[in-house]
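Right, one structure below, let's go through it.
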Amino acid sequence: MLGKRWVGLLVAVLLLALVIAPVTAETATASAGDATRSLALQAETDSDGDGLTDEREAELGTDPALADTDGDGLSDGEEVDFLGTDPLNPLGDMSITILTCPPDTAGLADLPECEATPGVAVDLA
């Protein structure tokens, strides 16, 4: 009699396993689908509304919580997508060249004598 009970119990456990296994597989598939959808939503998220996704901002090194990372008055998205400037540099691609002295100070009484090398350009890019 004890043997028949064990066989009955074993059959019941196997049947239960057959019923539970598909449910577990469906749950795992659903979880994988949820994770994929979650990753897709994260890839599309633009937390600061600057036109760049948070994922793209991570690639560029800009702040996904600030629309204008470098504080130059242009959104990061405008700089990257339209102007082609650096969203981390407030000067963008602009550079300023200043001559340290006028090329010729001879004969100009109003200008002090230039101590630097005349005509040398300084690039402030």
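Values as computed for the structure displayed
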{"item": "Accessible area (Å², 1.4 Å probe, nearest 10) - D70", "result": "30"}
{"item": "Around V11: net Lys/Arg minus Asp/Glu count, Cβ-Cβ under 13 Å", "result": "+2"}
{"item": "Computed accessible area, L15, all protein chains, 1.4 angstrom probe, square angstrom", "result": "100"}
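The values are calculated or read from the model by the stated rules, or taken from the named source; none is laboratory data. No experiment lies behind these values; they were computed from the predicted model shown. Note: ideal-geometry Cβ built from the backbone for every residue, glycine included; neighbour counts use all protein chains shown. Note: areas computed on protein heavy atoms with side chains; ligands, DNA, RNA excluded. Shrake-Rupley method; radii C 1.70, N 1.55, O 1.52, S 1.80 Å.
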